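S.K.: Here's a structure for you.
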Amino acid sequence: MNIGDIEKNVKNFNSKILFYYELKKTNWFNIGGKTKIFFKPETLQELIGFLKLYNERGKIFIIGAGSNVLFSDNIFNGVVIKLSKKFSKISLLNNTTIIAGSGVLDKSLSEFAMENNIGGFEFLSCIPGSVGGGIRMNSGCFKREFKNIIISVQAIDSLGKVFTIPTNKINFEYRKCDLSDNLIFLSATFMGQIKEKNKIQQEIISLKNKKGLSQPTKVKTGGSTFKNPLNQTDKKVWELISESVTSGIHFGEAAISEKHNNFFVNKGNAKYEDMKKLINYVKDKVMLKTGIKLDLEIILVE
Ligand SMILES: Cc1cc2nc3c(=O)[nH]c(=O)nc-3n(C[C@H](O)[C@H](O)[C@H](O)COP(=O)(O)OP(=O)(O)OC[C@H]3O[C@@H](n4cnc5c(N)ncnc54)[C@H](O)[C@@H]3O)c2cc1C
């Protein structure tokens, strides 16, 4: 992919554009090589301008909080786009409706809803992602998902066209949605119910406690590696892994968390290939022992 003319043409942009940028620090796994271009738009106009200039000449990957992605150690032959703080605005539309930029962290959205006595957003306090990632993944926990609170999504396509998509046009399923991969979500509108702040606060504390008991914190991980194979068995993926894989298995510094065996962790300086070997090893062992095919929840970016 030739980026020479991009380097020339973006000189008057106010947004951050870096070439051969290290991706490690952009994600929770703390793994990954460089990307040919890293673009952090400061305004919608510059995002549109960049997309028109780039004109789909190479890959485009949009990163949110980086809590669900695993980047290869090779050079990413394209652009990684991360929305700047300017896309993290949050405001109240009426007493139960919130509009939030895609860069807003789930926990900030949950807090904002609590401060405004809006219930239904409590589960978001347990997810370390952003609104953009949450839409793409239909993220959720404790039997609640993005699809339960979202009413529309504002997006831009890879050629710079902006539009709004109501959720009756979106098919949300378990940890995925059918919106095209070439869309960048800009913001979303959410709706909850009136609820007393104190009650919301109590629920958030209780959910966080539950989560803290079963999942590791302060580790380099992408959360659940595999999805629960809902259509194949009633068993949870962690049960299948514990039946099939001997504990303590690791490849280099890529290991299985001792607290939750579906969380894979970078114990220090794990390589992408180590993490992939671990993923494939667990997948093969589960298939061999149970006949169940596991699908990844984390997104591999090569
Ligand atoms: C400790 C830990 C606990 C976790 N617990 C949970 C949990 O309980 N429930 C759960 O569902 N997940 C959980 N996760 C996974 C993760 O937090 C969620 O999937 C989260 O919603 C991802 O958001 P993100 O902003 O980090 O997205 P990223 O990881 O940056 O990206 C994920 C996907 O979303 C896309 N994306 C991100 N932003 C945009 C945008 N603006 N426009 C278009 N596409 C975009 C990316 O291209 C990618 O395909 C956990 C992860 C960790 C590390």
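S.K.: Normalise the Debye intensity by I(0) for region 184-302, one equal point scatterer per Cα, no solvent, then take log10 at q = 0.10, 0.20 Å⁻¹ and round to two decimals.
M.R.: These q points yield log10 I(q)/I(0) values of -0.41, -1.09.
S.K.: I've got another one for you. Consider all pairwise Cα distances in the chain and report the whole-number % of them above 25 Å. Could you put the intermediate results ahead of the total?
M.R.: Working: 23706 of 45451 pairs.
Summing the P(r) of the chain above 25 Å gives 52 percent of all pairs.
S.K.: Using a 1.4 Å probe over the heavy atoms of the protein chains, calculate the carbon and sulfur portion of the accessible area of region 133-233 as a whole percent.
M.R.: Details: 2720 of 5430 Å².
The C+S portion of the solvent-accessible surface of region 133-233 is 50 percent.
S.K.: Using modelled amide H (1.01 Å from N, peptide plane; none on Pro or chain starts), what sits under 5 Å from the amide H of Val301, excluding residues fewer than 5 places away?
M.R.: Under 5 Å from the amide H of Val301: Leu70, Phe71, Ser72.
S.K.: Here is a further query. Only bridges whose two residues both fall in region 2-109 count here: according to DSSP, what percent of them are antiparallel, nearest 5?
M.R.: 55 percent
S.K.: Among Lys169, Lys82, Lys218, determine the one that fluctuates most according to a GNM of the chain built with springs between C-alpha atoms less than 10 Å apart.
M.R.: Checking each option, the largest mean-square fluctuation is seen for Lys218.
S.K.: Sticking with this structure for a sec: How many percent of the accessible area of region 1-96 is carbon or sulfur, using a 1.4 Å probe?
M.R.: That fraction is 50 percent.
S.K.: Want the number for Ile48 to Thr233: 0.36 nm per residue separation, take away the alpha-carbon distance, what's left?
M.R.: Gain on stretching Ile48 to Thr233: 62.1 nm.
S.K.: Run down the lysines and flag those whose C-alpha is under 21 Å from the C-alpha of Lys199, throwing out any fewer than 8 positions away in its chain.
M.R.: Result set, ordered by chain and number: Lys107, Lys143, Lys208, Lys210, Lys211.
S.K.: Just the accessible area per residue of the chain, please: how many Å² with a 1.4 Å probe?
M.R.: For the chain, the per-residue accessible area is 49 Å².
S.K.: Still on this structure, I have one more. Given a 10 angstrom Cα cut-off, can you work out which residue in Phe38, Phe112, Phe142 is the most mobile in a GNM of the chain?
M.R.: Phe142
S.K.: List every residue whose amide H lies under 5 Å from the amide H of Ile62, counting only residues 5 or more places away in sequence or on a different chain, with H placed 1.01 Å from N in the peptide plane.
M.R.: The list, which skips near neighbours in sequence, is Ile81.
S.K.: Related question: In the neighborhood of Ile75, defined by Cβ-to-Cβ distances under 10 Å, what is the net charge if each Lys or Arg adds +1 and each Asp or Glu adds -1?
M.R.: Numbers: positive: Lys34, Lys36; negative: Asp73.
In short, +1.
S.K.: Something else: Among Asn266, Ser244, Pro128, flag the residue with its Cα farthest along the positive direction of the charge dipole of region 119-270, charges on Cβ as +1 for Lys/Arg and -1 for Asp/Glu.
M.R.: Pro128
S.K.: Suppose only helical runs count, i.e. DSSP H with n ≥ 4. What mean residue ellipticity at 222 nm does that imply for the chain under -39500 (n - 2.57) per run, divided by all residues and rounded to the nearest 500 deg cm²/dmol?
M.R.: Dividing the helical sum by the residues of the chain leaves -8000 deg cm²/dmol.
The values are calculated or read from the model by the stated rules, or taken from the named source; none is laboratory data. For clarity, every value in this text was computed on a predicted model and none was experimentally measured. Here Cβ is always computed from backbone atoms with ideal geometry, including for glycine, and neighbour counts include all displayed protein chains. The area values use the complete protein model at the heavy-atom level, side chains included, leaving out ligands, DNA and RNA. Shrake-Rupley method; radii C 1.70, N 1.55, O 1.52, S 1.80 Å.
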